[in-house]
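The values are calculated or read from the model by the stated rules, or taken from the named source; none is laboratory data. A quick note: this is a predicted structure, and the numbers were derived from the prediction, not measured. In this analysis, Cβ positions are derived from the backbone assuming ideal geometry, glycine residues included, and neighbour counts consider all displayed protein chains. All accessible areas refer to the heavy atoms of the entire protein, side chains included, with ligands and DNA or RNA removed. Shrake-Rupley method; radii C 1.70, N 1.55, O 1.52, S 1.80 Å.
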Amino acid sequence: MKSTMDFIDMKKNGEKITMLTAYDYPSARQAEAAGVDTILVGDSLGMTVLGYSSTVEVTLEDMIHHTKAVRRGAPDTYIVVDMPFGTYHVSSEEAVRNAIMLYQESGANAVKIEGGHLQNFANTLVDAGVPVVGHLGLTPQSVGITGFKMQASSKEDAEELLNTLGKFEMLGVVMTVLEAIPSDLAVKASERVSIPLIGIGAGVGTDGQVLVYHDVLKYGSGKPPKFVKQYADFDEIGVKGIKEYVQEVKDLKFPDENTTYKKKVYEDENNQ
Ligand code: KIV
């Protein structure tokens, strides 16, 4: 399993870091088999696997439940887990308590927290030994305010993001996701700090990339954002397979000889 130090070395050596979301045992198995460097159990699971319209309804219990399944599927992969909406906003004390509980119970290697106010309590978590991952730019838990659009596109906002990253670095944050920001800002950010920066909709200049499993594989995900590339079409393959199954049952083609236990339990009653 890679460590936070490995990610820092990868950044230094210019080797891109790959991150993919996973939410359950089979997706985690696939991610590990495919050799991703790190898995994110994102609170995007609210939309991708629970069918909510946003991440807002996701709870700490949901995150723990799904991360445990991901750990069982990917025992040798570094796992980052998202702190869900409302679990780190009320006070720093509550944020720290919830983050420690999530880290302790989920089996993840690090916890990810959206937004700049991570600065208020990151040092307590780092002191406690919890690896912390930041998330700046578009932060999906705040889309009620920001909308789903590019962030930090003015010089002032870009400078603010760079300042926040500088503070994250001083506080010992181990990695940061940069979402939906201009690519030149992402390049500047990556040059400015030693923390590995993982981009999603931030261009090629970040130290790594993250995408959502269901977007990458076109699996029940609807129309993806501009920055997504789809590498397979699970929806098409899945619906085709299910249709064939339905038709074969109707046509008495399934079950067949090969899928039936043939041992006789009852004697042939006509011969008695
Ligand atoms: O929840 C998630 O999947 C994320 C990614 C979009 C980075 O935070």
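Go through the residues of segment 228-241 one by one and say whether even a single one is over 23 Å from A28 (Cβ atoms) and surrounded by 16 or more Cβ atoms within 10 Å (Cβ to Cβ). No; the residues of segment 228-241 include none that is over 23 Å from A28 (Cβ atoms) and surrounded by 16 or more Cβ atoms within 10 Å (Cβ to Cβ). Scoring V133 on the criteria (1) crowded, with 20+ Cβ neighbours inside 10 Å; (2) β-branched (V, I, T); (3) over 21 Å from F7 (Cβ atoms) leaves a single failure, condition (3). Cβ-Cβ contacts under 7 Å between residues 6 or more apart (or on different chains), taken from a first residue in segment 235-246 that is within 18 Å of V216 (Cβ to Cβ) to a second residue that is outside any helix (DSSP H, G or I) and open to solvent by less than 100 Å² (accessible area, probe 1.4 Å), are listed as D235/K218; D235/G220.
Residues of segment 119-149 that are β-branched (V, I, T) and either closer than 27 Å to G107 by Cβ or assigned to a loop (DSSP other than H, G, I, E, B) (or both): T124, V126, V130, V132, V133, T139.
V126 fulfils the conditions (1) within 16 Å of the ligand (Cβ to nearest atom); (2) surrounded by fewer than 16 Cβ atoms within 10 Å (Cβ to Cβ) except for a single criterion, (1). Listed by position, the helices (runs of 4 or more DSSP H) inside segment 1-118 whose residues that are over 22 Å from E179 (Cα atoms), in the same structural domain as V216 (by TED's automatic domain parsing) and more than 16 Å from the ligand (Cβ to nearest atom) number at least 2 are 4-13, 25-34, 60-73, 92-106.
To keep it simple, each residue is scored yes or no on (1) modelled with pLDDT of 95 or more; (2) in contact with a Gly (Cβ under 8 Å, 6 or more places away or on another chain); (3) of a type outside the set (F, W, Y); (4) over 15 Å from H214 (Cα atoms).
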residue	(1), (2), (3), (4)
R29	yes, yes, yes, no
G35	yes, no, yes, yes
V41	yes, no, yes, no
Y52	yes, yes, no, no
M63	yes, no, yes, yes
T77	yes, no, yes, yes
M83	yes, no, yes, yes
Y88	yes, no, no, yes
I100	yes, no, yes, yes
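Considering each of I79, I100 in turn, give the residue that is under 18 Å from the mean Cα position of the chain (by Cα) and buried (at least 16 other Cβ atoms within 10 Å of the Cβ).
Details: I100 fails: under 18 Å from the mean Cα position of the chain (by Cα).
On inspection, the qualifying residue turns out to be I79.
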